1. Going by the conditions given, is Asp125 surrounded by fewer than 16 Cβ atoms within 10 Å (Cβ to Cβ), without any contact (Cβ under 8 Å) to a residue 24 or more places away in the chain and farther than 22 Å from Val32 by Cβ?
2. List the strands (runs of 3 or more DSSP E) inside the range 232-292, counting only whole elements, that have at least 1 residues being more than 16 Å from Trp213 (Cα to Cα) and at pLDDT below 90.
3. Does Asp385 fit the bill of being surrounded by fewer than 19 Cβ atoms within 10 Å (Cβ to Cβ), under 23 Å from Arg250 (Cα atoms) and at pLDDT 60 or above?
4. Can you tell me which residue is surrounded by the fewest Cβ atoms within 10 Å (Cβ to Cβ) among those in the range 136-182 that are of a type in the set (Gly, Ala, Ser) and modelled with pLDDT of 90 or more?
5. Quick one: in the range 341-364, which of the residues that are of a type in the set (Lys, Arg) and part of a loop (DSSP other than H, G, I, E, B) is modelled with the lowest pLDDT?
6. Just to be sure I understand, how many residues within the range 212-231 are aliphatic (A, V, I, L, M), modelled with pLDDT of 95 or more and more than 15 Å from Ala190 (Cα to Cα)?
7. Identify all residues within the range 214-261 that are within 26 Å of Ser107 (Cβ to Cβ), over 18 Å from the mean Cα position of the chain (by Cα) and of a type in the set (Ser, Thr, Tyr); write none if there are none.
8. Tell me whether the range 145-160 contains one or more residues that are part of a loop (DSSP other than H, G, I, E, B), farther than 20 Å from Trp213 by Cβ and either in contact with a strand residue (DSSP E or B) (Cβ under 9 Å, 6 or more places away or on another chain) or of a type in the set (Ser, Thr, Tyr) (or both).
Amino acid sequence: MLQRKKTGVFLVLLLCLAATLGGCGIKDMSHVRHPPVFSPDGQTVAYGWSDLLWGDFMSCTMASAETQYVRWCSVESPNHQESIKVFARTGEFFTGPDFGLVDLVFSPDSRHLAAVTRSTITIIDQASRKSRRITSGEVVITSLCWLNNEEIAYGTIDTTRFGWNIPGGWIYERTLWHQNIHQPRNKRLAIHADKDFEEPGGLIQDWWPLESWSPNGHYAIFEIKGQLRLLDSSAKTVISFGQKNHGLIRAVWNPDNSEALCVSWAGVPYNKNSRYQAILLNPANLEILNLSRKFNETFQSDPNLDITWRIDRRRFAVCGTMTDHVLLQIRPWQTAQSRPPYNPVGDSMISPDGKRIAEFDSQKKLVIRPLIPPTTQTATQPTSDKADK
């Protein structure tokens, strides 16, 4: 702790010196939007909005102040929007990956909205427009899931409790929690804790979420030190599965909680020697279907895959740096190409019933319009759905 205090004093002196030498100044104001999300009933769309004040520090342009808002509206009246401020900070310099809302998550009954920033969780009641922050600013939020209409599960990294692990670097205490949104923070219950959790490359949105919760919050999949783990939050037990030394890319749950597709990789990104580990896991009986060989043949070691369940509940939508809008069916294994916006990425989102799409137009204005599905073309031939040997 003494070393961190010394470092903080040094940074303050450095900022003062930069300002004195004319290396620090206000430059510009800009706005950042978080992609829109639909409520489970499909009647509401919400998105995040950040006002950023940019400045010059030591010849580098960085954000020096930030205010974050959540906006929401009815799908029938996108121009009539409500807005609430959920976070603000000034007096420090930070870069692009370190600002903005991380996630917006509706409760199952669509009444409450959880707004997650890097260090806060704010619960918004749409009916009353009241909001309540349920975390302190001394943690990093690593995941969030609604257990029911009144309770959430989420992960935190305590930035006040840390140590040094050579050669791993900084290590922190990571805890998974269960909390009623109407009760104070000291009433929450700890589900699981890792006291030697290594910092995930800067603690920014690129790795969000660190824990992948099943839709009902009963299970969570995460990685620690290259090993995949499954948490049973009711029994408070954790088991390891899969090969070691694999970094988790995505764990995507079936909407009925019965299976999770876990994709991890080992090696250097985009290197021909890098390999996927792709596992379809049944958490109830721990049955595993190994899909690693097919994933490596199909997706060619792209470490930036985004994988989501399609609304037909039969296929996955996969896209990435080297992968362009692929529909994936596992039983039997089959892939097909599909053009956007039917598999939206970035600032687009499809309603739960698949009939509308919410996105920002060229003027960065929210637009909600009917969705007309494009045709698909088969990309690869079907192969056996037997597990890899």
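The values are calculated or read from the model by the stated rules, or taken from the named source; none is laboratory data. As the structure is a computational prediction, the values presented were derived from the model and not from experiment. Cβ atoms come from the backbone with ideal geometry, glycine included; neighbour counts cover every protein chain shown.
1. Details: surrounded by fewer than 16 Cβ atoms within 10 Å (Cβ to Cβ): yes; without any contact (Cβ under 8 Å) to a residue 24 or more places away in the chain: yes; farther than 22 Å from Val32 by Cβ: yes.
Yes; evaluated as a whole, the condition is true for this residue.
2. On the way: elements: 237-241, 247-253, 260-266, 275-282, 287-290.
Because the criterion is at least 1 residues that are more than 16 Å from Trp213 (Cα to Cα) and at pLDDT below 90, the strands (runs of 3 or more DSSP E) in the range 232-292 that meet it are 247-253, 260-266, 275-282.
3. Numbers: surrounded by fewer than 19 Cβ atoms within 10 Å (Cβ to Cβ): yes; under 23 Å from Arg250 (Cα atoms): yes; at pLDDT 60 or above: no.
Spelling it out, it is not the case that Asp385 is surrounded by fewer than 19 Cβ atoms within 10 Å (Cβ to Cβ), under 23 Å from Arg250 (Cα atoms) and at pLDDT 60 or above.
4. Here is the first cut: in the range 136-182, the residues of a type in the set (Gly, Ala, Ser) are 136-137, 143, 153, 155, 163, 168-169.
Narrowing further to those that are modelled with pLDDT of 90 or more: 143, 153, 155.
On the way: Ser143: 21, Ala153: 24, Gly155: 25.
Checking each candidate, the answer is Ser143.
5. Restricting attention to the range 341-364, the residues satisfying the condition of being of a type in the set (Lys, Arg) are 355-356, 364.
Filter once more, so that each one left must be part of a loop (DSSP other than H, G, I, E, B): 355, 364.
On the way: Lys355: 87, Lys364: 84.
That would be Lys364.
6. Result for the range 212-231: 2.
7. Once the filter is applied, which keeps residues that are within 26 Å of Ser107 (Cβ to Cβ), over 18 Å from the mean Cα position of the chain (by Cα) and of a type in the set (Ser, Thr, Tyr), the range 214-261 yields Ser233, Ser234, Ser258.
8. Restricting attention to the range 145-160, the residues satisfying the condition of being part of a loop (DSSP other than H, G, I, E, B) are 147-150.
When the remaining residues are screened for being farther than 20 Å from Trp213 by Cβ, the result is none.
For the range 145-160, residues part of a loop (DSSP other than H, G, I, E, B), farther than 20 Å from Trp213 by Cβ and either in contact with a strand residue (DSSP E or B) (Cβ under 9 Å, 6 or more places away or on another chain) or of a type in the set (Ser, Thr, Tyr) (or both): absent.
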